[in-house]
């Protein structure tokens with residue numbers, strides 16, 4: 001991990017908490033306005049879908065195909081989430097799938113943290129935040145993200161990550177100023193649409209690494225510990241159907257059942273892209289294929305044992 005990446009992680013993890021502590025007394029009585037809500041929502045969705053649709057379902061798993069300009073746009077959008085460059089993100093996530101919950105997984109809560117309650121807490125800390133300072137960016141890009149590395153424009157976007165991390169704070173300030181015409185509007189847009197949005201988005205994404213490998217429901221016969229967590233599905237834009245994703249990693253839709261699909265906004269975006277001709281070769285999992293991988297109910301003898 002480069003010094004720049006480590007510094008960005010430190011700022012992203014702790015900076016917004018400091019900023020929030022300063023912002024509350026500064027803005028007391030006029031804490032948040034409609035312009036801040038707009039700045040927060042716009043940046044949350046732009047950066048969020050950049051990660052879930054762009055970094056994850058497109059670049060990492062090739063769950064659908066699209067035009068190169070759309071692919072690059074999604075990569076830039078994903079960079080605005082400040083979760084690493086496209087190349088690093090793809091390499092880390094593919095390594096996670098290659099070694100899920102065993103030695104070599106960059107952020108499993110179940111490896112190398114001991115047993116008992118203390119081991120579980122250490123594992124959750126590592127998978128949620130600790131891995132950012134230990135294993136993030138260490139996956140071999142040449143091994144796990146070869147085609148991304150070999151794309152010169154994607155290399156350019158990855159090199160521009162520090163600048164895009166600054167842009168993700170400048171844009172909500174500009175939105176705040178454009179909507180209010182005041183420096184105060186720019187400041188509150190910077191705080192809520194920039195700093196606060198980044199930290200909330202980070203912790204929701206990290207919860208997929210931690211919570212969705214520890215708590216939740218399972219229905220497929222998998223060797224890992226991945227789970228579906230329904231209450232996290234909407235804020236994570238569908239990523240919390242994580243057990244489904246590990247069962248069918250190339251699926252463009254993580255909400256596999258009709259009810260789950262209602263809480264998979266990233267799936268909605270890909271369906272819309274497909275409808276307007278911006279996505280094709282979209283991978284969808286039939287009910288028959290899902291049925292083949294369902295975990296079998298335990299036999300009475302197994303329950304008695």
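With respect to residue 81, determine if the residue is touching a residue at least 60 places away in the same chain (Cβ under 8 Å), in contact with a helix residue (DSSP H, G or I) (Cβ under 9 Å, 6 or more places away or on another chain) and crowded, with 24+ Cβ neighbours inside 10 Å. I'd like the intermediate steps shown before the answer.
Numbers: touching a residue at least 60 places away in the same chain (Cβ under 8 Å): yes; in contact with a helix residue (DSSP H, G or I) (Cβ under 9 Å, 6 or more places away or on another chain): yes; crowded, with 24+ Cβ neighbours inside 10 Å: yes.
Yes, satisfied.
Yes or no, residue by residue, for (1) assigned to a helix (DSSP H, G or I); (2) closer than 18 Å to residue 204 by Cα:
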site	(1), (2)
73	yes, no
95	yes, no
107	no, yes
123	yes, yes
153	yes, no
156	yes, no
164	yes, no
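Among the residues of the stretch 227-239, are any under 16 Å from the mean Cα position of the chain (by Cα), more than 30 Å from residue 73 (Cα to Cα) and either modelled with pLDDT of 95 or more or not in a helix (DSSP H, G or I) (or both)?
The answer is yes, given that some residue of the stretch 227-239 is under 16 Å from the mean Cα position of the chain (by Cα), more than 30 Å from residue 73 (Cα to Cα) and either modelled with pLDDT of 95 or more or not in a helix (DSSP H, G or I) (or both).
So if I check each of 250, 275, which one is out of contact with any strand residue (DSSP E or B) (no Cβ under 6 Å at 6 or more places or on another chain), touching a residue at least 60 places away in the same chain (Cβ under 8 Å) and closer than 20 Å to residue 49 by Cβ?
Working: 275 fails: touching a residue at least 60 places away in the same chain (Cβ under 8 Å).
The match here is 250.
Filter the stretch 240-252 down to residues that are part of a loop (DSSP other than H, G, I, E, B) and more than 15 Å from the chain's Cα centre (by Cα), then give me how many there are.
The initial filter retains those residues of the stretch 240-252 that are part of a loop (DSSP other than H, G, I, E, B), namely 240, 248-252.
This time we only want the ones that are more than 15 Å from the chain's Cα centre (by Cα), so: 248, 250-251.
Of the residues in the stretch 240-252, 3 are part of a loop (DSSP other than H, G, I, E, B) and more than 15 Å from the chain's Cα centre (by Cα).
Between 255, 267, which is assigned to a loop (DSSP other than H, G, I, E, B), at pLDDT 95 or above and buried (at least 19 other Cβ atoms within 10 Å of the Cβ)? Show your work before the answer.
Working: 267 fails: assigned to a loop (DSSP other than H, G, I, E, B).
Within the list 255, 267, the selection yields 255.
Based on this model, can you work out whether residue 82 counts as assigned to a loop (DSSP other than H, G, I, E, B) and either over 20 Å from the mean Cα position of the chain (by Cα) or under 21 Å from residue 53 (Cβ atoms) (or both)?
Values: assigned to a loop (DSSP other than H, G, I, E, B): yes; either over 20 Å from the mean Cα position of the chain (by Cα) or under 21 Å from residue 53 (Cβ atoms) (or both): yes.
The answer is yes for residue 82.
Kindly indicate the residue of the stretch 52-65 that is in contact with a helix residue (DSSP H, G or I) (Cβ under 7 Å, 6 or more places away or on another chain) and part of a loop (DSSP other than H, G, I, E, B) and also surrounded by the fewest Cβ atoms within 10 Å (Cβ to Cβ) among those meeting that condition.
Selected residue: 64.
Looking at the stretch 280-298, can you tell me whether even one residue there is in contact with a strand residue (DSSP E or B) (Cβ under 8 Å, 6 or more places away or on another chain), part of a loop (DSSP other than H, G, I, E, B), closer than 29 Å to residue 171 by Cβ and modelled with pLDDT of 95 or more?
no
If we keep just the residues of the stretch 97-122 that are within 16 Å of residue 211 (Cβ to Cβ) and in contact (Cβ under 8 Å) with a residue 60 or more places away in the chain, which is farthest from the chain's Cα centre (by Cα)?
120
Name every residue in the stretch 126-135 that is surrounded by fewer than 23 Cβ atoms within 10 Å (Cβ to Cβ), free of Cβ contacts under 8 Å to residues at least 40 places away in the same chain and in a helix (DSSP H, G or I), in order of residue number.
130
The values are calculated or read from the model by the stated rules, or taken from the named source; none is laboratory data. Quick caveat, the model's predicted, so the values are computed rather than measured. Methodologically, a virtual Cβ is constructed for each residue, glycine included, from the backbone with ideal geometry; neighbour enumeration extends over all protein chains shown.
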